[in-house]
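There's a structure below that I have some questions on.
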Amino acid sequence: MSHSDIDELIRIFSRLPGLGVRSARRLVLQLIRAREQLMQPLHLALGNALTNIKTCGTCGNLDTQSPCAICADERRDNSVICVVEDLADLWAIERCNLFRGKYHVLGGTLSALDDRSPAQLNIEPLIVRANAAEVSEIILATNATLEGQTTAHYLTNRLADAGVKISRLAQGIPMGGELDYLDDGTLGAALKARLPF
Ligand SMILES: [Zn+2]
């Protein structure tokens, strides 16, 4: 391992959330010291994940199978679809252990500022799913940010003819709040007490 290989590792790790150059350096140092116990399994796990992770063709979730494990789970309720911005929000709701329906992952929010249009999000497949006979409710669980709410309003209009009940998470999600940062109890309560949009 040349010095530049090590620098490259530090550079990559320092781009991960929560890590600055200092923490990245410590992390890499630890990996180098424990090559067999840490670096080798990490190499293997990253390689496997890189090869196997795919986007679910139904809901947009990321998993090692498509349809993803949630879409493929026949014990889950097909009549309710919870719409989230991204994977972190799906994971947050799954951690509450309350929701037994299916998901739809948008892959972001609409944003005039960042020039993100409906065509760039996973919206058309949602409209198709919402029109399926078995679907009776769509929960719009976008974040309580300006972009999240704008996206929810846009979806409400697009879903108006689908003949489904449209609901949103109850109050209690602080404005500007992102689902991933809420404690499971707060998010669970907001999901249980959801309101018509
Ligand atoms: Zn899926």
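Dividing the Cα convex hull volume of the stretch 1-72 by residue count, how many Å³ per residue is that?
Numbers: hull volume 8.3 nm³, N = 72.
Dividing the Cα hull volume of the stretch 1-72 by its residues yields 115 Å³.
What percent antiparallel are the DSSP beta bridges of the stretch 47-197, to the nearest 5?
Details: 5 of 17 bridges.
Percentage antiparallel, nearest 5: 30.
When only Cα pairs under 8 Å and 6 or more residues apart are kept, what is the percent relative contact order across the stretch 36-135?
Numbers: 119 pairs, mean separation 21.8, N = 100.
Rounded, it is 22 percent for the stretch 36-135.
Probe of 1.4 angstrom, ligands and nucleic acids ignored: what's the accessible area per residue over the stretch 61-197, in square angstrom? Show your work: numbers first, answer last.
Working: 6880 Å² over 137 residues.
Ligands and nucleic acids excluded, the figure is 50 Å² per residue.
Net charge within 13 Å of Gly60 by Cβ-Cβ distance, Lys/Arg positive one each and Asp/Glu negative one each, not counting Gly60 itself?
Numbers: positive: Lys54, Lys102, Arg129; negative: Asp63, Glu85, Asp86, Asp89, Glu124.
Summing Lys/Arg as +1 and Asp/Glu as -1 gives -2.
In addition: Quick one: check the C-alpha center-to-center distance for the stretch 127-144 versus the stretch 11-73, whole angstrom.
Cα centroid of the stretch 127-144 versus Cα centroid of the stretch 11-73: 31 Å apart.
Just to check, using Stokes-Einstein with a Kirkwood Rh over alpha carbon pairs, what's the diffusion coefficient of the stretch 112-197 at 4 °C and 1.567 mPa s in µm²/s?
Values: Rh = 13.8 Å.
Here the translational diffusion coefficient equals 94 µm²/s.
Assuming 0.36 nm per residue, please report the length gained on full extension of the stretch Arg100 to Ala133 beyond their Cα-Cα distance. Don't jump to the answer; show the numbers that get you there.
On the way: separation 33, 0.36 × 33 = 11.88 nm, distance 1.86 nm.
Fully extending the segment from Arg100 to Ala133 adds 10.0 nm.
Something else: What translational diffusion coefficient, in µm²/s and rounded to a whole number, does the Stokes-Einstein relation yield for the chain at 4 °C and a viscosity of 1.567 mPa s, taking the hydrodynamic radius as the Kirkwood radius over Cα pairs? Kindly include the intermediate steps, with their values, before the conclusion.
Working: Rh = 18.8 Å.
Once the numbers are plugged in, D ends up at 69 µm²/s.
Tell me the angle of helix 146-158 to the major Cα principal axis of the chain, expressed in degrees between 0 and 90 and rounded to the nearest ten.
40 degrees
From the backbone phi of the stretch 90-106, what are the Karplus-calculated ³J(HN,Hα) couplings (6.51 cos²θ - 1.76 cosθ + 1.60, θ = phi - 60°) in whole Hz, Gly and Pro given as x?
Values per residue, Gly and Pro as x: 4, 4, 4, 5, 4, 5, 5, 6, 10, 8, 10, x, 10, 10, 9, 9, 6 Hz.
While we're looking at this one, here's another question. Going by average Cβ density within 10 Å per residue, which order do the peptides 85-96, 10-21, 49-60 take, highest to lowest?
Numbers: 85-96: 18.6, 10-21: 12.1, 49-60: 14.6.
Sorting 85-96, 10-21, 49-60 by mean packing, highest first, produces 85-96, 49-60, 10-21.
What spacing in nm lies between the two simple spin-label points modelled at Arg75 and Leu146, each 7 Å away from Cα in the Cβ direction?
4.4 nm
Evaluate the distance, in nm, between pseudo-label points positioned 7 Å from the Cα of Lys54 and of Ile12 along their respective Cα→Cβ axes.
Calculated label separation equals 2.4 nm.
Out of the total accessible area of the chain (probe 1.4 Å, heavy atoms of protein only), what percent is carbon and sulfur? Please list the in-between numbers first.
Numbers: 6320 of 11580 Å².
Summing carbon and sulfur atoms, their accessible area is 55 percent of the total for the chain.
Right, next: Kindly identify the stretch 67-133 as rounded, prolate or oblate by the Cα gyration tensor criterion: order the square roots of the eigenvalues as a ≥ b ≥ c, call it rounded if a/c is under 1.5, otherwise compare a/b with b/c, prolate if a/b is larger, else oblate. The partial results should precede the final answer.
Values: a/c = 2.71, a/b = 1.52, b/c = 1.78.
Oblate, since a/c reaches 1.5 and b/c is not below a/b.
The values are calculated or read from the model by the stated rules, or taken from the named source; none is laboratory data. Quick caveat, the model's predicted, so the values are computed rather than measured. Cβ coordinates were reconstructed from backbone atoms using ideal geometry, including for glycine residues, and neighbour counts include every protein chain displayed. Areas reflect the complete protein model, heavy atoms only, side chains present, ligands, DNA and RNA absent. Shrake-Rupley method; radii C 1.70, N 1.55, O 1.52, S 1.80 Å.
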